[in-house]
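Here's the structure we're looking at; comments come further down.
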Amino acid sequence: MTTDPLGDQFPQGLLVVHDGQNTPESTGPDGEVRTDTNFKLIRWEAFARATGLR
């Protein structure tokens, strides 16, 4: 998490979270082991607004 401006896409900062859905060693719908993880990039102002921090 940072509140530093990061360009046009994240002008007030960025929160990065791992949603736990695509963890390595877990199998996907196709039965194959997943080799990736799943991260979400969230605009800081959207998170702050949704959680009442602003």
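Structure values in brief
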{"item": "Scan of the range 11-32 for residues that are of a type in the set (Val, Ile, Thr), at pLDDT below 85 and exposed (fewer than 11 other Cβ atoms within 10 Å of the Cβ), ordered by number", "result": "Thr27"}
{"item": "Total residues in the range 35-49, condition more than 17 Å from Pro11 (Cα to Cα) and either touching a residue at least 40 places away in the same chain (Cβ under 8 Å) or among the hydrophobic types (A, V, I, L, M, F, W, C) (or both)", "result": "1"}
{"item": "Scope the range 33-53; condition at pLDDT 75 or above and charged (D, E, K, R); matching residues", "result": "Lys40, Arg43, Glu45, Arg49"}
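The values are calculated or read from the model by the stated rules, or taken from the named source; none is laboratory data. All figures in this text were calculated on a predicted structure; none of them were measured in a lab. Positions of Cβ are backbone-derived with ideal geometry, glycine not excepted, and every protein chain shown enters the neighbour counts.
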